[in-house]
Amino acid sequence: MKKEEVLATLEEMGNPGTKKILTRHGAKEPFFGVKVGDLKKVQKKIKKNQELALELYESGNSDAMYLAGLIADEKSITKEQLRTWAKGAYWYMLSEYTVPWIAADSPHGWDMGLEWIESEDPKLASCGWATLSSVASTQSDDDLDLEAYRQLLDRVKEKLQSSPNRVRYTMNGFVIAVGAYISSLTDHALKVADSVGLVQCEMGETACKVPQARPYIQKIIDKDRIGKKRKMARC
């Protein structure tokens, strides 16, 4: 499919109700309001196509940008392309899901995550923490720098409550991810969660809630799923 064909297809799939919901969450024009399930139908037709992914992301259409992350080729995407995508990710569905997922699935996830968390731009910083969470969820512990992850947990303990809104949210998610996916750091993640205390974030005009790390990790412990890795970050 060509870029124009994809955009026409997405326009047909647009849903006024979905568009209203996504607007409340932060999406802005131009976009059609396509349900994620419908985007995945288009993904199955296209499969992986890095050139088309770049064109769709560059369109600035939020639906197309999300789809771009689903069809991007993790083996060929470059660090510079990831930097461009991260800078263009103007709301959290892109900055905390689309870009972190493809970054983590690529060979560059760790490096990009560490780079982005140093940014003064909250969107980039939250992108970085989400990327590092996805790396923890997909890579074998043998391939992870476990001491670096321990140090990052300690950094979260110090900085979370004084960080910007969405950075707090993704730092909290990082504690959950490390506790859930890196078994040797589960206890440390729980201690950090206890030290941080209640995490509150402004969620706008939505019914979304902030998952609290200790009970969330405890549920995973109770289900005996600690350390169960995902095949890939994108879903």
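I'd like to know if the range 191-213 contains one or more residues that are within 24 Å of ASP111 (Cβ to Cβ) and surrounded by fewer than 19 Cβ atoms within 10 Å (Cβ to Cβ). No, the range 191-213 contains no residue that is within 24 Å of ASP111 (Cβ to Cβ) and surrounded by fewer than 19 Cβ atoms within 10 Å (Cβ to Cβ). For the range 57-149, give me every one of the helices (runs of 4 or more DSSP H) that falls completely inside it and has 2 or more residues that are touching a residue at least 40 places away in the same chain (Cβ under 8 Å) and of a type in the set (S, T, N, Q). Where helices (runs of 4 or more DSSP H) fall fully within the range 57-149 and carry at least 2 residues being touching a residue at least 40 places away in the same chain (Cβ under 8 Å) and of a type in the set (S, T, N, Q), they are 122-138. Residue count for the range 27-48, restricted to those that are under 23 Å from ILE77 (Cβ atoms) and not in a helix (DSSP H, G or I): 4. Scanning the range 190-207 for residues that are touching a residue at least 12 places away in the same chain (Cβ under 8 Å) and not polar (S, T, N, Q) turns up LEU190, VAL192, ALA193, ASP194, VAL196, GLY197, LEU198, VAL199, CYS201, GLU202, GLY204, GLU205. Is it the case, given these coordinates, that GLU51 is assigned to a helix (DSSP H, G or I), more than 17 Å from TRP85 (Cα to Cα) and without any contact (Cβ under 8 Å) to a residue 40 or more places away in the chain? Criteria not met by GLU51. Counting the residues of the range 76-91 that are touching a helix residue (DSSP H, G or I) at 6+ places or on another chain (Cβ under 9 Å) and surrounded by fewer than 21 Cβ atoms within 10 Å (Cβ to Cβ) gives 9. When each of ALA233, ALA207 is tested for being part of a loop (DSSP other than H, G, I, E, B), at pLDDT below 95 and either closer than 30 Å to ALA68 by Cα or within 19 Å of the chain's Cα centre (by Cα) (or both), the lone residue that passes is ALA207. If you take the residues of the range 176-189 that are in contact (Cβ under 8 Å) with a residue 40 or more places away in the chain and buried (at least 16 other Cβ atoms within 10 Å of the Cβ), which of them is nearest to the chain's Cα centre (by Cα)? Ranking the qualifying residues of the range 176-189, first place goes to ALA177. When the range 12-39 is filtered for residues that are farther than 25 Å from LYS123 by Cα and either touching a strand residue (DSSP E or B) at 6+ places or on another chain (Cβ under 7 Å) or surrounded by fewer than 15 Cβ atoms within 10 Å (Cβ to Cβ) (or both), the ones remaining, listed by number, are GLU12, ASN15, PRO16, GLY17, GLY37.
The values are calculated or read from the model by the stated rules, or taken from the named source; none is laboratory data. Values in this document were obtained by computation on a predicted structure and should not be read as measured data. We place every Cβ from the backbone using ideal geometry, glycine too, and count neighbours over all the protein chains shown.
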